[in-house]
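Read-outs: derived from the displayed coordinates by stated rules, not from any lab. Model, not experiment: these values are computed from the prediction. Neighbour counts are summed over all protein chains in view; Cβ atoms, including those assigned to glycine, are modelled from backbone coordinates with ideal geometry.
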Amino acid sequence: MSTLTALARAQAYADGRAQPIATVRHLHVHPRPLVLIPLAMAGEAHAPLAALVGAERSAPRLLIVAQPRNRDHRFAFAAELAGIVLPYVDSFTAATEAVAVDRGRDVRHRFTDAPQLWVPNTGGVDFLRLFGRSTRFRSIDGEYAVPPSVPLLGRWLTFFAHAAEMPGSSLLLNAVQALGLHWATGQSGAEDAQLAALLAWISPPPGRTGAEAARAAEDPALSPPAGPATDPAFDNHVLAPLMSTAEPDVAALTEVLRAQLLPTWELMWRTLDLLRELPAGARVAGRWDSDRDTYSGFVQHLAEGGPPQPRRDGAVAAAARLHRLESAATRYAVQRAFDDPLVMAEYRLVGAAFAGEVTLANADRIDDTGKRPVLRPRIMVVTGEPVRVEPGATLTSPQRPSQKALVISVTAAGADRTEVLLELSGGMGRKLVAEPGSVPAVGERVLLTTLSEAYRPGGAFPDPDQTPWTHGGPPPAFTPGSEQADQ
Amino acid sequence: MTAGLDRLRGGTPPKRHNARTIAALTGNPGCTRRAVLDAAGVDKPKLAQRIGFPGSFGQSRFALARGNGFEAMLKADDCALLRKVLTECLQLDAAGGYDDLGEDDDDTLTARHRRTRELLAGAAGAALIDHPLLTLDVAGQRVFLEPDLIALQIEGRLHVVEIKSFAIVDGQADSAKVSAAAVQAAVYVLALRRLLAELGHDPTLVSHDVVLVCTENFSLQPAAVVLDVRKQLSTLQRQLARLASVSELAAALPGSVSFDLALGPADLTAALRHVEARYAPECLSACELAVYCRHEAAGSTAALGRPVRDALGGVDTVAEALALAAGTAEPAEDQVEAAALLRAAARLRAELA
C-alpha cells in the first residue's frame, strides 16, 4: 500500500468518513449493466442456492433452488439463469463499427457496445467461474442431457470470469473492488470486503459517522452477507427448517431468500450511482474499446462453433495468457496515473514522477550533429519534489503523451530544489520549427514521469501443436462429452 | 496444568483444545492475550459474550451435514472407498485391518488413549486406525486430541489422513482451506510423533507427507492428494515451545486477575487489560475475542491492517501519524524519515484530493 493511500485511510478514520483516492472513475459503467448476486449452498461444492439478477433496478428476478443437492434442480436453475443472461449478452450485437487495422490497410468489425456484469465481491466472481466450469461441458443429449442454453451459459460465464482477471477490463466488475479503487475507508482491507460496511463508510446514513454505520452493517441480521456464502445463523434457523422436508415450501423459501438478497441488491445499485457521479478517466473509453473487441471476438468464436474453454490452458496458451495479463497490468497502472493526478501523486511521492516549473526554454534548438538536422528543444525544470532519475533516462508528461523528454542533467540547487535539464523530441510537428504550444513555455508547470505509455511488443510463442516436449508436448484436442460423470 | 493458569480460569472446567484451536495458535504468535487465555483453557466465546463483544463463529449445519455424509461414505463397507483412493494416491497396498476406537465421548478418553497406544506399540497392527486419541503438551498442559481421522499404517510408516469435504476442481482447491487443513494435519503428525517417541519407537516413522482426501470437482467422489507439512510442523513446534513459557507469564500476573466467567463484565474487562493483545484485522476470522480487541485497538494504525501501518512508517497511532503529516508533532529520532514522507504525502493530498 502506498503512503498516500495509507494516509487517506488514517484521515478517513479521523474524519469518520471514507476519503477519495481517485479524482476520476477508472472503469466503464454501462448504462444498462446486468447485476447478479449469487448465493451458494453452504458445504456443497459450489452448488447454487439462489440468485437475484436483472438489468433494471426496479425489476430484480429471483431464482432459487429448492433442493440444491438435487442435480435436476441445479440444472433447472442454470437454464433459468441462462434465460436471463443469454438474451442480455446477445442484445449488443445489433450494430457494428469498422476499425482500421494494419495501419489502415485493412478493416475489421466490432460491436458498438458490449455487456457488463456486476457482482458484489470477488467471491461472486469465483462463483461465476466455478458455475461456468460446472456447466460448460454438459452434454445436450444422452443420459444426462441438459437444455442447450446450459452449456452456452457456462461458456459465457467462463468468458466473463476470464475477463475479470484482466486488469482494466470492465466486462465483469465487482462492487467491493470498484469502490476500493476510488475510496479509502477508516477500517482495514479485510473489513472492507463486506459491501455493506464499505458503503457505510463511503455514504453513511444521515446523523451517523461512517465508523458507526459500518459497525452496525456488520450484524448479519441487519445486513445479510452479500454472498456467495450465507450467514450460518440464517442457514441453521431459517433455511434448514424449510429445507428439511421432502417437499420444500417453495413460496416460503422464495420469501426468505428474497429478504436475504434484496438489501444487497439495493447496495449494488447505490454502488453504481456513486461511481456514475465520478467523471470517467480519459483512457476509460479506450479500455472499453478493447473490451468490445474481446466481446466481439467471443461472439464470433461461438458463431463459428468453436470449442468450450479448456479445463486448464495448455502450456502455450497459458504462457501467452500470462503475458497478456502482465502487459495489461502495466498498461492499466500507467493509464490510471496519466488519467488521474491523485494516482500520479503516488509516483511523485517515490520520485518516479515530479512536478516543477519551466525556468528556461530553448524551443528552436536544432541538433545538426547527425546526417540531417533535427528539432531538439531543451527546457529546464525546477522542482522541490524528490527526483530519482538519472541522466539518460526518458521521461513523459501526461500533458504531452506523444513527446519524449531525455534527461541531460540533474543538478541539486539549494536544499530542496532540483534542476532537471531535458531535451525534447516528438509531438512537435514535422517541421524544424515547433508547432505553437508543443514545447512547454517558461513559467509553465509541468509534470514528468518515468512511466511510459509506449507500445510494448507482444511475446513470441510457438503454435500449440509445436509445444516443446519440455512443456508436455502438444495438448490433446477437445472431445465433446468426455466428462459427464463428475456431477 | 499449572496452578497459575488454573487460577485464571476460576471455577469453570477448562475448555478442551482440539487441532483447530492448536492450529489457530500459529496464526498470531505475538498475541500474549490469546496465548494466556488458550493455555488457561478459558472459554473465549463465552468470555466475549459476557463482556458485550460477541463474535460470530457459527457453522452452517448444511456444511456439517455434508462433511459427515462424505466421511460416512468413505468409511462405509470397511472403508472400501477410502482404501481405493489411498491405494491410488500413495501407490501402496492399503489392505489390512481397520480399527475404530469409538465415538467422541469424555468417559472413554483414557481407554481410547490406551487402546491407541497398544495399536501403535504393536507396529504390525491395524492398517487403518479410526478415532485414535492422541495427547500433546500445550503450555505445560497435557491435552487430549480427538482427531476425527485415520492414521494409515503402511510398511511401517504412518500417514495422517485428513478428510475434508471441500472440493478440488481441476486440480485446484481453495488455498485458505488447504492451508488450514495442512496446519491441522501437522498437529496430528506432531502428536503422533511424540507418542511414538514415548513408546520407544523412531518418531520419524510418522511421515511428514499427509494425505488430504477431498471431493473431486462437483461430485461427492473422493480425490486424495499428498501434502508436505514440514513447514507447518516447524512453525507449530516453535509456537508450542513458546507457549511453554506462558505459565510463567501467567504466574507473574497480579493475584486479582481472573477470567472466571462468574465475574462481572467490568471485572473481566479490567482483567483483560492486564494481558496485552496484538490485534490485527486477520484476528476477526480466527479468534473469538477479536471484536473486543478491535474495540480496544481503535485508533491504532495496526487496526487498519499491517500494510497501512507499514506504509505510515510504523507509527503507532492514527492521531500521531496525522500529526506528523500535518507537521504539528515533532518526530522522534527514528521517525524523521517517516515523518518527511508523511508530510510530502499530506501536501500532495491537500493539493489534489
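Here are a few things to note about the model shown:
- Positive-end residue of B:48, B:27, B:76, charge dipole of the range B:1-94 with Cβ unit charges: B:48
- Projected label points at residue B:137 and residue A:406, each 7 Å from Cα along the beta carbon direction, are separated by 7.3 nanometres.
- For chain A, share of DSSP beta bridges that run antiparallel, in % to the nearest 5: 90 percent
- Counting, for every residue in B:210-218, the Cβ atoms of other protein chains within 10 Å of its Cβ and taking the mean gives 3.
- Test item: B:55-67 mean partner chain Cβ contacts at 10 Å: 6
- With respect to chain A, whose longest principal axis is taken over its alpha-carbon atoms, helix A:71-90 is tilted by about 40°.
- In this Cβ point-charge picture (+1 for Lys and Arg, -1 for Asp and Glu), chain A has a dipole of about 1280 debye about its Cα centre.
- Extending 7 Å from Cα along the Cβ direction at residue A:333 and again at residue B:100 yields two label points whose distance is 5.6 nm.
- For the listed peptides B:316-329, B:182-195, A:134-147, a ranking on the average number of other beta carbons within 10 Å per residue, highest first, reads B:182-195, B:316-329, A:134-147.
- Relative to the longest principal axis of the Cα atoms of chain A, the long axis of helix A:122-135 makes an angle of roughly 60 degrees.
- Shielding by partners, peptide B:337-350 (average Cβ within 10 angstrom, other chains): 5
- Cut-off 14 Å between beta-carbons: net charge of the residues surrounding residue B:276, Lys and Arg +1, Asp and Glu -1: +2
- Helix A:3-15 axis, angle to chain A major axis (alpha carbon atoms, nearest 10°): 60 degrees
- With a cut-off of 17 Å on the backbone N, the residues of the range A:352-385 near the modelled label site 7 Å out from residue A:417 along Cα-Cβ are A:355-361, A:380-385.
- For the range B:223-344, the residue among B:229, B:305, B:332 whose Cα projects farthest onto the positive side of the dipole built from Cβ charges is B:229.
- Mean separation of Cα contacts under 8 Å, 6 or more apart, over the residue count of the range A:3-311: relative contact order %: 26 percent
- On full extension, the segment bounded by residue A:91 and residue A:258 gains 57.4 nm, given 0.36 nm per residue less the C-alpha separation.
- Loop-located trypsin sites (Lys or Arg not before Pro) in the range A:44-95 (DSSP state other than H, G, I, E, B) with a sparse environment of at most 15 neighbouring Cβ atoms within 10 Å: A:57.
- When only the Cβ of Lys, Arg, Asp and Glu is charged (+1, +1, -1, -1), the dipole of chain B relative to its Cα centre reaches about 600 debye.
- In this label model, residue B:21 and residue A:251 are separated by 4.8 nm, measuring between points 7 Å along each Cα→Cβ vector.
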